[in-house]
Every structure is written in C-alpha cells, then in structure tokens.
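Contents: one structure, followed by commentary.
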Amino acid sequence: MNKKALSILMRARMKPHDRPNLSLSPLPLTNAASKMQQQNSHKLLKEGNSAPNDSGNSESEFKRVVASMHSAISMHKTEVLDDVLNNFSEGYFTLSDEKRRKLLLVLARDYDLNRSQVRELIKQYLGLELPADKAQANGSEEEGLFSSFYRIERNLRHALQPVYEVLFDRYNTHPGGLRFLSILRANILSILTEENIASLRALDSCLKEKLSTWLSPAALELHQITWDDPASLLEKIVAYEAVHPISNLLDLKRRLGIGRRCFGYLHPAIPGEPLIFIEVALMKNVAQTIQEVLWDSPPIPDSEATCALFYSISSTQPGLAGINLGKFLIKRVVKLVKREMPHISTFATLSPIPGFMTWLLSKLASQTVLAEGDMSQPVAEGSASTFFENILKPDEEEALMSLPKDIATGKNGMEVLFNLLTSTSYKWIHSPETLSALNPPLMHLCVRYLLQEKKRGKALDSVANFHLQNGAMVERINWMADLSERGLSQSGGIMVNYVYSLDNIEEYAHSYFSNGIIHASSDLQRHVEPQSDK
C-alpha cells in the first residue's frame, strides 16, 4: 500500500474490506463529516485552545470573549484588526455550547440596528415636501431641491444596516474568516432548530445573504477531483460523502477512475475544502438501480458512454444550508462534460425519495382511522386529509388481502400495507408473492407523491424540489432500486431518475418556480389520477 493510500485509510478510518452501505439521504452530513467539521473549527485556534474547557464555562471568560467581539466590531485601527479578529474567533471556540448561545444572542440583540434612529429618520423623510416644479427644473436646480431627500435617504440606508454586518464584512476579508462565519452560522442554525428566536433569525438571515453573495458562482472554482489530488482532499471526500458511504480504498479509486467523475466547488478563502461535490457515472443507459452504478457492472470506457448519471451530491458545510450551491454545480458540470465529451447525450440522476415513506405511512394511518369511522382519534401528523379515501385500487386491495396471514394481516388492504411497511425486518423483500402484491400500489402512490403532493405550491419531497427548481424533469421511478436499510425505510427501495434536458433546463426551472409546474415523462403522466376537490 502506497503512502497516499495509507494516509487516507488512517485519516478516514475506512474499513479495508467492507462493501459500502448503500444508504440514501438528501444532502445531510454523516457522522464522520460532522467530526471533520469540528476538526476544521479547531484548526482555526492556536495551539492549546482546540476544545472548550472549564474556563470557557466561567463568566469572566465569557465577558472577555464578548469584549473581544465588541473590539472586532468597533475597532478602527486597521493595523491591529487582524489580531483582534483572531482573538475573538479563538475565544469563541473556547466557550461551551451554552455560552456560545448566550454570546450569539448578545450579538443579535445588542448589535442590531437602531430602531429609534430609523423611526426618527422616517418621520423626517415623511415631513419633506416634494418640489412642485421638478419637471421644469434643470440638473443643478434638481440637485438643490432634492438635497434633503438624498441626505435622509443616505442616512436611512445606513441606519437600516445592523451593526453586526461590520463583523461579517471584516471576517470576509480576514484569513480563515469565511470558514469561521460558516461555523458561526452552523451554530446559529442549531439553536434555531430548538428555539424560534426572532432576533437570532434576523441575524441568520443577514449572514445567509452575505454568504450567498460571497459564494457566488463567479467566486467559486470548479475542480475535478482525481486520485492525483492530495490525500487531505481525498480524505474529505470520504468523510463528507453523505449519500453512498465510501467504505474502502478500492471503492474510492473506482469512483475517481475510468467511467467516473467527481467535481467539487472550492473557494480560495477555504483552500483544500470542497464546499459541495457531485459524483458522476458515465454509462450506456440511465441506470435503474444503485447496485449497477456502484458494484454490479464494471465501468465502461468513456468513449462508449452516452449518459452522464449524477448519483451522489453532498454538501460539506452545515453553515451553508439554504445556499443552493448544488444548482450552479450541476449546471456547470453538465456544460463541462458536454464540452469534453460531445457524445454524451443524456444527463440524468439516480436519486433517493427520502420523504415518500413518511408521507405514505401517515396517509395510511389516517385513512385507516377514518375507515373505521372513529373520528375521536387524531389524524396522523403530516396528512391533511379529514376525508376517507381508499388510496388503493380494487385490484391492489384484492392482491394485498390475498396474501397469506403469516406474511401480513389487517382488516383491509391499507392496514395490510401499513403493517408490511412498518416491519423493521423487511422480510417482504425476499418474498416474490409479497413483492408482486406491493409493486402496483407503491409505484402508483410514488408517482402521486412526486407529481401531485405539494407544500406551498412546490414538490413535497426535498430532493424532488431541489432537482425540479434546477430545471430537471421526472423521467422514471425504479422498483427495488436501493435495498439498503435506509433506502427501504425512506422509500420502500424505490428510486427516481430526473433528466436534465439541455434545451429545456431554463424553461422547466422557470415554470416550476413561477407556477409549481412539474414536468414529467409521458409514461409517468399516464399514471397520474385526477384529484377530486374535497
């Protein structure tokens, strides 16, 4: 084993002989990635300050860090500003989680905008009278007539900027500052998942807007990741891979070798750290199962491929949540692959459907309650329907009720389906008879979920919403495409192909964003049933 392979193996703690767990999820961070994020945070610190300690929990230490934060915002001596910013970031990492929460609330509340000043300026502005002869005034006269408006408008723009914007702007130009702000926002988001604090949400909104600007496509470098890259970069690919875990060096080399591509977005301010990366398989046809992408068939030569299949996309920074870097990454990769390999005619994905089983089980539970006529029981959360609807077709109901009682039981087809799908043993995947009975209802309900179930006018499924807003269409759903435990629990083993048609990407993205129109293949459209208005 060469030095690079040994380095990656030791750092990433990969098991040398295990096959990967073929799990699927929509862009989360794995445990390994979370640990790496913490390690990256600590790299910002000086030696000896790599973890929160007892002093970080003391009130005196907390006050010292707050004072350093104040200096980082109010300091005007540019020659010492870098030292002041370093002091604050280092001090921040010595704090316990509770003290960090307290400090972020101080930042959000004490360094917000001055609303008394804003109200006074608005009052002054509304008190001004527009000159009546503006249309007849020349340029110099107009400047004089409107000088009061310009002055108050300038002051109002300044007053509407929260004071903490100064801190963000200074860290953006500070070495390591962009990484620190990303970590800071990750902590803010973590707090907001537990408490909806208005001032903290405003702080997050401001920081998110700043990061979105600083991480625009023009500022990002698209890099093809290969086996020749430094071990430190490949280690991060292993740790951050969130969709199909990389289990060993052979697996990693295969994903970077013949018939495969891996592209990532890097930023000059965060060297050697992919912010997001996408894995591509070059194939003759659009794959229907994840097994054929990862293991079942050897990769074909690049020259024989006609399809570029995106089978994994992973975000690496929790603090960049909600900033759609994936949209720009996919479009740039499509253009790059098409330019380098003109013979590639199809760009598609093999994607998970992470919300399908949650929606279906909720629907089955609520409809079972309604079928029994017991309206005193609460309807399952996530299902808005208060009307009984047998979501199974007559032949599907009959097939499920015909299953042997030792396989599944229930008063009706929906209860049989619910009992089968909630079994943690997943024995049904080994029974041809059960699979035959499950295929029609699960497939047609999956089509309904992807194409018809919406939230605020957009696709209910998070991965579907991601690809549809990027301009893809729903091409095909695939039965038993992912047999991992996660794949079975999230979507009953079903996966979906989204296709990016180069001629229609912008049109489809616009119609989905504007009107919630979901474009799908004619094969899938045939399975869409009219939904009655309740």
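The values are calculated or read from the model by the stated rules, or taken from the named source; none is laboratory data. Values in this document were obtained by computation on a predicted structure and should not be read as measured data. All Cβ positions, even for glycine, are placed from backbone atoms using ideal geometry, and neighbour counts span all protein chains on display. The accessibility values were calculated without ligands, DNA or RNA, using every heavy atom of the protein model including side chains. Shrake-Rupley method; radii C 1.70, N 1.55, O 1.52, S 1.80 Å.
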_Selection from the stretch 489-504 of residues that are of a type in the set (A, V, I, L, M) and either modelled with pLDDT under 95 or assigned to a loop (DSSP other than H, G, I, E, B) (or both)_ = 494, 502
*In the stretch 140-182, how many residues are surrounded by fewer than 15 Cβ atoms within 10 Å (Cβ to Cβ) and on the phi > 0 side of the Ramachandran plot?*
0
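Considering the stretch 215-233 alone, what residues qualify as being assigned to a strand (DSSP E or B) and open to solvent by 50 Å² or more (accessible area, probe 1.4 Å)?
Correct list: 221, 224.
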*Return the pairs, sorted by first residue and then second, in which the second residue is assigned to a helix (DSSP H, G or I) and of a type in the set (S, T, N, Q), the first residue lies in the stretch 150-166 and is under 25 Å from residue 107 (Cα atoms) and touching a residue at least 12 places away in the same chain (Cβ under 8 Å), the beta carbons are less than 6 Å apart, and the residues are 6+ apart or on different chains.*
159/117
*asked:* I need every pair where a residue in the stretch 69-81 that is closer than 19 Å to residue 108 by Cα and modelled with pLDDT of 90 or more has its Cβ under 6 Å from the Cβ of a residue that is open to solvent by 40 Å² or more (accessible area, probe 1.4 Å) and assigned to a helix (DSSP H, G or I), sequence separation at least 6 or different chains.
replied: 73/166
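Would you say residue 170 is in contact with a helix residue (DSSP H, G or I) (Cβ under 7 Å, 6 or more places away or on another chain), of a type in the set (D, E, K, R) and under 13 Å from residue 105 (Cα atoms)? Step through it out loud before you land on a result.
Values: in contact with a helix residue (DSSP H, G or I) (Cβ under 7 Å, 6 or more places away or on another chain): yes; of a type in the set (D, E, K, R): yes; under 13 Å from residue 105 (Cα atoms): no.
It is false that residue 170 is in contact with a helix residue (DSSP H, G or I) (Cβ under 7 Å, 6 or more places away or on another chain), of a type in the set (D, E, K, R) and under 13 Å from residue 105 (Cα atoms).
So, in the stretch 156-201, of the ones that are small (Gly, Ala, Ser) and closer than 30 Å to residue 125 by Cβ, which residue ends up modelled with the lowest pLDDT?
Initially, the stretch 156-201 is screened for residues small (Gly, Ala, Ser), giving 159, 176-177, 182, 186, 190, 198-199.
Checking which are closer than 30 Å to residue 125 by Cβ leaves us with 159, 198-199.
Details: 159: 94, 198: 97, 199: 97.
Among residues in the stretch 156-201 that are small (Gly, Ala, Ser) and closer than 30 Å to residue 125 by Cβ, the one modelled with the lowest pLDDT is 159.
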*Please specify each residue of the stretch 432-481 satisfying the condition of being charged (D, E, K, R), at pLDDT below 95 and open to solvent by less than 50 Å² (accessible area, probe 1.4 Å).*
none
*asked:* On the basis of being surrounded by 14 or more Cβ atoms within 10 Å (Cβ to Cβ), among the charged types (D, E, K, R) and in a helix (DSSP H, G or I), does residue 119 make the cut?
replied: no
*Those residues that are under 23 Å from the mean Cα position of the chain (by Cα), among the aliphatic types (A, V, I, L, M) and either under 24 Å from residue 413 (Cβ atoms) or assigned to a helix (DSSP H, G or I) (or both), I need them from the stretch 448-480; list them, please.*
450, 451, 460, 463, 464, 468, 477
